[in-house]
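Notes for the one structure printed next.
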Amino acid sequence: MTVDQTVDQTAAPRETVPGPGHVPVVIVGAGPVGVTAALLLARRGVRTVVLERHHDAYPLPRAVATDDEVRRILQAAGVQEEFAAIARPARGLRLLDARHRVMAEFPRAAQGAHGFPQTSMFDQPELERVLRDALARTAECELRGGVEVVGVVGVEQDGDGPVRVTYRDDEGEHLLRAEAVLGCDGAGSLTRDAIGAAWEDLRFEERWTVIDVRTSLPVRCWEGVEQICDPQRPATFMRVGEDRYRWEFRLRDDSELTDERLRELVAPWVDLAHGADFEVVRQAQYTFRARVADRWSRGRVFLLGDAAHLTPPFIGQGLCAGLRDAYNLTWKLARVLQQGADERLLETYQSERKPHARHVIRLAVAMGWAMTGGQDGAAAIRRGALSAAVRIPGLPRAAVRDLSPALTAGPLVRRRLRPGGRGLVGGFCPQPWVSADGRRARLDELLGDSFAVLTVVPLSPSLKAVADGLGARILSVSGLGDDGRLAEWLRQGRADAVLLRPDRVVMDVVPSGGPDFTGTAGWASLLHTTRSPVPSRRTVEKSLLRSTSR
């Protein structure tokens, strides 16, 4: 596939007249990332067509773990309750030596800052069923299965016109014209080829055997993830569901896994007699790689998930990273498509997501090294270093936070020169349970899908004008029935108010006792809209000038 020409990102919003074959967004790939992106766009009123080469969801398990931040994304997509019914909280991560002695332990809380267990185990086919059921109920989404995006001319883009997507089914070839295309088509992405992206190799490649099992036998289990740090036979073990377990082994050869060999491998966890109830649901060999695409977009064609990055599975962040991509991109794309926001807003997708993806991949590679690197002498040194490090107060919790560090300063994350609020900008707002209209709800249910302002002080006229210009929900944190958690969060961050993006990242703050949002021209110019009923750019900029002159 080829892309003919890059869109001029500084051009005015494109106006197109819908016609036959026109759709606002085409999504290539109906895995969890693609379907979640479609659901998130639908909640903002953006219609999508999802193209998938398979007729049904992939039936075998692959991803098995998620974190509390990603469960919040599933909440935003409208499937949290259904996901909760299939998820199983996990206690965290243990690193074990070759004799299965605990070297280090990284516990995960039963409820994290986002309002969910910090680690949840699940069966990917069940997650895909939940997502596809939601897709089928959503009028703005259409799934076309059993189709193939044509290789050479599948995605084209010329000048500043619509993106053209050609696909083939049993009836022949079809053409769709779209305002944007999301490539959620995996590691072998045709969309990545279409935008001329290439892999950056982060220097990790190992072949592992993955075994998914269903059994009623008693399994010696910690109820978390165990990583066996043995250079001779590294392994990973986890309980996925009530009777579901996964083992991953790095084996020295690709020979067939006989019953006798399987009994030997799983012996530390379960006694496997001949004829025992032990069903191997899947056995597959995978090459774990660490890669990131050098570019994630061209014009209005974007890469998400495995099309943009590949991470070894040792910290359970592969699928999580893809769902973070979808959450970051979809609100920006919807604002450009529906409200005429500046095209440059879309450039922040790669600048925000790529550094985080690279960071997570490097953490996974470091964990892989801890499990497999070095000979016996190095392994002994590593075991001593890990055992000492985990005893440092706060280190296990810090390691958990390192999975999702605050975004660095950029157009949508304002760097503050004064101390007040500096620690909050770029990070996530916590999500406690709150009281509203006589019922208990999670915070995001009150805030909706757009911008929000949380405050402990009365709003000044200029601050209110900024909020109105963004269509932001304004919420006083006093009397919310959250045991003062949000007020304490603001107090610790030395802030009187925060401005939250739709993905609940703190974009800006009002420092305690300080002026209103100031110096906002950067994000204001990206987020202003040209379509009713949102106030005009002039109204927003006037309010910003009043704010900066205070």
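The values are calculated or read from the model by the stated rules, or taken from the named source; none is laboratory data. The structure presented is a predicted model; accordingly, all values stated were derived computationally and were not measured. Because the Cβ atoms are built from the backbone with ideal geometry, glycine has one as well, and the counts that use them run over all protein chains shown. Surface accessibility is based on the protein's heavy atoms, side chains included, excluding ligands, DNA and RNA. Shrake-Rupley method; radii C 1.70, N 1.55, O 1.52, S 1.80 Å.
Being open to solvent by less than 40 Å² (accessible area, probe 1.4 Å) and at pLDDT 80 or above: is that true of Leu500 here?
In short, yes.
Among the residues of the range 431-478, count how many are within 17 Å of His528 (Cα to Cα), more than 24 Å from the chain's Cα centre (by Cα) and either of a type in the set (Asp, Glu) or open to solvent by less than 60 Å² (accessible area, probe 1.4 Å) (or both).
9
Given (1) assigned to a strand (DSSP E or B); (2) open to solvent by less than 30 Å² (accessible area, probe 1.4 Å); (3) in contact with a Gly (Cβ under 7 Å, 6 or more places away or on another chain), where does Ala134 come up short, assuming only one miss?
Only one criterion in (1) assigned to a strand (DSSP E or B); (2) open to solvent by less than 30 Å² (accessible area, probe 1.4 Å); (3) in contact with a Gly (Cβ under 7 Å, 6 or more places away or on another chain) is unmet by Ala134, namely (1).
I'd like the full set of residues that are under 30 Å from Leu95 (Cβ atoms), open to solvent by less than 10 Å² (accessible area, probe 1.4 Å) and in a loop (DSSP other than H, G, I, E, B), limited to the range 315-349.
Gln317
Inspect all residues belonging to the range 181-204 and state whether any of them is aromatic (Phe, Trp, Tyr) and touching a Gly at 6+ places or on another chain (Cβ under 8 Å).
Taking the range 181-204 and keeping what is aromatic (Phe, Trp, Tyr), we get 199, 204.
Filter once more, keeping what is touching a Gly at 6+ places or on another chain (Cβ under 8 Å): 204.
Yes, the conditions are met somewhere in the range 181-204.
Is it true that some residue in the range 363-378 is under 25 Å from Asp193 (Cα atoms) and either in contact (Cβ under 8 Å) with a residue 24 or more places away in the chain or open to solvent by 10 Å² or more (accessible area, probe 1.4 Å) (or both)?
Our first condition is that a residue be under 25 Å from Asp193 (Cα atoms); within the range 363-378, this holds for none.
No.
Among the candidates Arg99, Arg94, Arg72, single out the residue that is closer than 27 Å to Glu226 by Cβ, basic (Lys, Arg) and part of a strand (DSSP E or B).
Sole residue among the options that is closer than 27 Å to Glu226 by Cβ, basic (Lys, Arg) and part of a strand (DSSP E or B): Arg94.
Taking only the range 77-91 into account, find how many residues are farther than 23 Å from Tyr327 by Cα and either free of Cβ contacts under 8 Å to residues at least 12 places away in the same chain or assigned to a helix (DSSP H, G or I) (or both).
Of the residues in that region, 0 qualify.
Every residue in the range 102-131 that is assigned to a strand (DSSP E or B), of a type outside the set (Val, Ile, Thr) and closer than 26 Å to Cys429 by Cα, please.
Selection gives Phe106, Pro107, Ser120, Met121.
State which residue pairs qualify: first residue touching a residue at least 12 places away in the same chain (Cβ under 8 Å) and inside the range 118-131, second residue buried (at least 23 other Cβ atoms within 10 Å of the Cβ) and among the hydroxyl-bearing types (Ser, Thr, Tyr) in any location, beta carbons under 8 Å apart, and separation of 6 or more residues or different chains.
Pairs that qualify, where the first residue is touching a residue at least 12 places away in the same chain (Cβ under 8 Å) and the partner is buried (at least 23 other Cβ atoms within 10 Å of the Cβ) and among the hydroxyl-bearing types (Ser, Thr, Tyr), are Thr119/Thr66; Ser120/Thr66; Phe122/Thr66; Leu131/Thr36.
Okay, residues lined up against (1) within 22 Å of the chain's Cα centre (by Cα); (2) of a type in the set (S, T, N, Q):
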| site | (1), (2) |
| --- | --- |
| Ala109 | yes, no |
| Gln118 | yes, yes |
| Leu131 | yes, no |
| Ala139 | no, no |
| Gly145 | no, no |
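Would you be able to say whether some residue in the range 291-313 is small (Gly, Ala, Ser) and touching a Pro at 6+ places or on another chain (Cβ under 7 Å)?
Within the range 291-313, not a single residue is small (Gly, Ala, Ser) and touching a Pro at 6+ places or on another chain (Cβ under 7 Å).
Does any residue in the range 456-478 that is on the phi > 0 side of the Ramachandran plot come within less than 8 Å, Cβ to Cβ, of a residue that is open to solvent by 20 Å² or more (accessible area, probe 1.4 Å) six or more places away or on a different chain, and which pairs are these?
Gly471/Ser450; Gly471/Val534
Which residue is farthest from the chain's Cα centre (by Cα), if the candidates are limited to the range 253-312 and must be open to solvent by 10 Å² or more (accessible area, probe 1.4 Å) and among the β-branched types (Val, Ile, Thr)?
Among those residues, the one meeting the criterion is Thr258.
Only one residue in Arg14, Arg71, Arg62, Arg44 is open to solvent by 10 Å² or more (accessible area, probe 1.4 Å), within 23 Å of Ser450 (Cα to Cα) and modelled with pLDDT under 90. Which one?
Arg14
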